[in-house]
Amino acid sequence: MRYLGRITAVGLLFLLSSCLSLFLEKPTFTLKEIEIKRISFQEIDFLFGIEVQNPNQFDLKLRALEYTVYLSGQEVGKGRLEKEIKIVKAASTLVPVPLQTNLRSLGNPLALILAGKDLQYKIEGAAIIKASMGSTTIPFSKSGEIKIKK
């Protein structure tokens, strides 16, 4: 009988964690700023400020973030952030996301960045989000226009 109780408890835990998507409103991801951290003859290091908006009435934890960044329609790089970050309930949090790319792969976007001009962007990927009820992976894709931070 104890064995049946344990199996039932484990089954309920799995059921609750799989139902997380029923209770969780998906957070939104928006690229808010681009900062150039370092430029060499071959590479450029960016720091992207990605705003994560949590519409839920409970805190979330961003456990990992995989992303691909496009500037002016051209892929400039991919990355993965594996740092647990608390996303406060009913608020937004700015998450610093590094990206290193080869100067040759940048092409036209580099001229726009150096000139400080507005830039079309697209960022897409997946975020691993943890709540008290379990974890889930949330795909995202956002595009828009950004002003370069000088």
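Structural remarks
- Residue among Ala127, Ala111, Ala131 that is modelled with pLDDT of 90 or more and either on the phi < 0 side of the Ramachandran plot or not acidic (Asp, Glu) (or both): Ala127
- In region 8-38, the residue that is modelled with the highest pLDDT out of those that are loosely packed, with under 14 Cβ neighbours inside 10 Å and of a type in the set (Val, Ile, Thr) is Thr8.
- Consider region 39-53 and keep the residues that are buried (at least 16 other Cβ atoms within 10 Å of the Cβ) and of a type in the set (A, V, I, L, M). The one that is farthest from Thr101 (Cα to Cα) is Val52.
- Qualifying residue in region 74-84 (condition: closer than 19 Å to Lys32 by Cβ, basic (Lys, Arg) and in a strand (DSSP E or B)): no
- Subset of region 54-71 [buried (at least 21 other Cβ atoms within 10 Å of the Cβ), more than 15 Å from Thr136 (Cα to Cα) and either hydroxyl-bearing (Ser, Thr, Tyr) or free of Cβ contacts under 8 Å to residues at least 40 places away in the same chain (or both)]: Tyr67
- Odd one out for Pro98 among (1) modelled with pLDDT of 85 or more; (2) out of contact with any Phe, Trp or Tyr (no Cβ under 8 Å at 6 or more places or on another chain): (2)
- Residue check, Gly79 touching a Pro at 6+ places or on another chain (Cβ under 7 Å), under 12 Å from Phe29 (Cβ atoms) and either surrounded by fewer than 15 Cβ atoms within 10 Å (Cβ to Cβ) or touching a residue at least 12 places away in the same chain (Cβ under 8 Å) (or both): no
The values are calculated or read from the model by the stated rules, or taken from the named source; none is laboratory data. All values derive from a computational prediction rather than experimental measurement. All Cβ positions, even for glycine, are placed from backbone atoms using ideal geometry, and neighbour counts span all protein chains on display.
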